[in-house]
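Please treat every number below as a calculation from the coordinates, not as lab data. These numbers come from a predicted model, not from an experiment. Glycine also receives a Cβ, built like all others from the backbone with ideal geometry; neighbour counts cover every protein chain displayed.
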């Protein structure tokens, strides 16, 4: 949500309150400043990005770089500059390479009052777009599940074709782009960034009888809405949870295990593999609990897991895999030092890491040989031997893709849901420092290692494909159903019935 609000604030600065700091959201940078930052941005990518031409040929990438620079002939605000950078960066087709606001803009966005915004959250797939939430609570027309066919005269394919051009993803993956637009508030924030803020929006929608209708809706004004609520109903005094309870609640949104002892099934939900959430201990306790409760069917829900520490995802894999597995066939960086070290976050430590843990091979690249050679063995204690269902989607990224790939062909494992956002062939990640451009302060993520999971696999620019597909439907969205989990539960019931009546 913080990223979404920052993006929204970036294009709604005209309606924001005044910040006490000297930072000005309407500040424009001279073309010469923008060009210096842009040239630095391009040179650093060309020097250090190991997969710059993995999915986009060099001549095409050169064209996009040159196109972006041609847009810098006039003074621009930071959001306008970031818009150009985002377009060019998305052409790389690397989900770990993306544009971020400057620290000054981020700090400003955290302190100002958000102005009027696009009021709807949407769910998009293929050529379908449905309302999932409406900030204008009095609106009785555009409720959850309402199908929208046009927005300000633009059809759904026209909208997605434009918005997709500014979203970075691994290879040619469209599932991740649809899911990104479906994440709460993101569609409206990106739409406003590209088309500008508006006081009202014209929509074409399909009503409950199947008739196409038109409606004009106002932008959502959070200031007016908050004032109205306070005037009508004073805020109730709610006891503040203890620090321990707040921590428990926060952790439960990251990792959670639910056990159904009656049906001998369990669901493990993981939204990250990052450190700092006690995942090693959580896995140990969880798999012990699965054994003690004689669980035969385990659901591992990683739909919202954007990745994190690969050692953590590897540990989880070891509890489930039935054979030794290798993380990657190839893992390397193309350089270990840079003349632009002052702009690259943690450059000194990244250089030391590459110096100590990699070896320069005949191809001239710095290979992380341990992961290219080492096979990880299944964990013996508390190993789960039952049926495992891995639930994936467009937000399943990076280390989550490694986890799903390692278990995809195992007999007692089924991957259910939608294509992962992360590439099935590999990705560019591992060390991902921020680069700060000196004139504007705009930052971009720079992955330093290329990872190939299986060199024998087809490099088609797609994510891991589920063995059992489970796609959204208009009916499922309208009733707010978790259609992927419903699919898994049907599979579990069928498997249990078969075992009872072989």
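Cα centroid distance between segment 327-350 and segment 195-216, in Å?
If we compute the Cα centre of each part, the gap is 48 Å.
Calculate the spin-label point distance for residue 62 paired with residue 141, positioning each point 7 Å from the Cα along the beta-carbon direction, and give it in nanometres.
Once both label points are built, they end up 5.3 nm from each other.
Roughly speaking, what is the stretch gain from residue 75 to residue 352, that is 0.36 nm per residue apart minus the C-alpha to C-alpha distance, in nm to one decimal? Can you show the working numbers first?
Details: separation 277, 0.36 × 277 = 99.72 nm, distance 3.96 nm.
So the chain would gain 95.8 nm between residue 75 and residue 352.
Simple spin-label model, 7 Å along Cα-to-Cβ: residue 46 to residue 242 in nm?
Going by the 7 Å Cα→Cβ label model, 6.1 nm.
For the chain, what is the relative contact order in percent, using Cα pairs closer than 8 Å and at least 6 residues apart in sequence?
Numbers: 954 pairs, mean separation 87.3, N = 502.
Computed over the chain, the figure is 17 percent.
Stretched out fully, how many nm does the piece from residue 340 to residue 291 gain, at 0.36 nm a residue minus the Cα gap?
On the way: separation 49, 0.36 × 49 = 17.64 nm, distance 5.27 nm.
Difference between extended and current length: 12.4 nm.
How big is the equivalent ellipsoid of segment 245-500 along its three axes, where each semi-axis is √(5λ) from the Cα gyration tensor, reported in whole Å from largest to smallest? The partial results should precede the final answer.
On the way: eigenvalues 246, 84, 69 Å².
Listed largest to smallest, the semi-axes of segment 245-500 are 35, 21, 19 Å.
For segment 86-128, what does the alpha-carbon gyration tensor say about shape, rounded, prolate or oblate, given a ≥ b ≥ c as the root eigenvalues, a/c under 1.5 as rounded, and a/b over b/c as prolate? Write down the numbers at each step before the final one.
Details: a/c = 3.43, a/b = 1.15, b/c = 2.98.
Oblate shape, in that a/c is at least 1.5 and b/c is the bigger or equal ratio.
How do 168, 140 line up, fewest other C-beta atoms within 10 Å first?
Least to most surrounded, the residues fall as 140, 168.
Among 242, 271, 398, rank each residue by its count of other Cβ atoms within 10 Å, from fewest to most, as a rough exposure measure. Before the final figure, lay out each step's value.
Numbers: 242 9, 271 19, 398 28.
Taking fewest neighbouring Cβ atoms as first place, the list is 242, 271, 398.
Report the relative contact order of segment 120-231, percent, no decimals, based on alpha-carbon pairs under 8 angstrom and at least 6 residues apart.
Details: 148 pairs, mean separation 29.9, N = 112.
The normalised contact order for segment 120-231 reaches 27 percent.
Which three extents, in whole angstrom, do the alpha-carbon atoms of the chain cover along their principal axes, largest first?
Computed over the chain, the largest-to-smallest principal extents equal 67, 64, 48 Å.
Using Cα-Cα distances under 8 Å and only pairs 6 or more residues apart, what relative contact order does segment 245-500 have, in percent? Can you show the working numbers first?
Working: 490 pairs, mean separation 49.3, N = 256.
Relative contact order of segment 245-500: 19 percent.
Add -39500 (n - 2.57) for each DSSP H run of 4 or more in the chain, then divide by its residues: what number comes out at 222 nm, to the nearest 500 deg cm²/dmol? The partial results should precede the final answer.
On the way: 17 runs with 183 residues, N = 502.
Computed mean residue ellipticity for the chain: -11000 deg cm²/dmol.
Gain in length, residue 152 to residue 284, computed as 0.36 nm per residue apart minus the alpha-carbon separation, to one decimal in nm? Walk me through the intermediate numbers first.
Values: separation 132, 0.36 × 132 = 47.52 nm, distance 5.26 nm.
Between residue 152 and residue 284, full extension yields 42.3 nm more.
Between residue 215 and residue 127, with labels modelled 7 Å along Cα→Cβ, what's the label distance in nm to one decimal, could you check?
Those two pseudo-labels are separated by 2.4 nm.
In what sequence do 257, 431 fall when counting other Cβ within 10 Å, fewest first?
Values: 257 19, 431 15.
Taking fewest neighbouring Cβ atoms as first place, the list is 431, 257.
In segment 420-461, which residues have a backbone nitrogen under 18 Å from the label point lying 7 Å from residue 172's Cα in the Cα-to-Cβ direction?
420-427, 457-461
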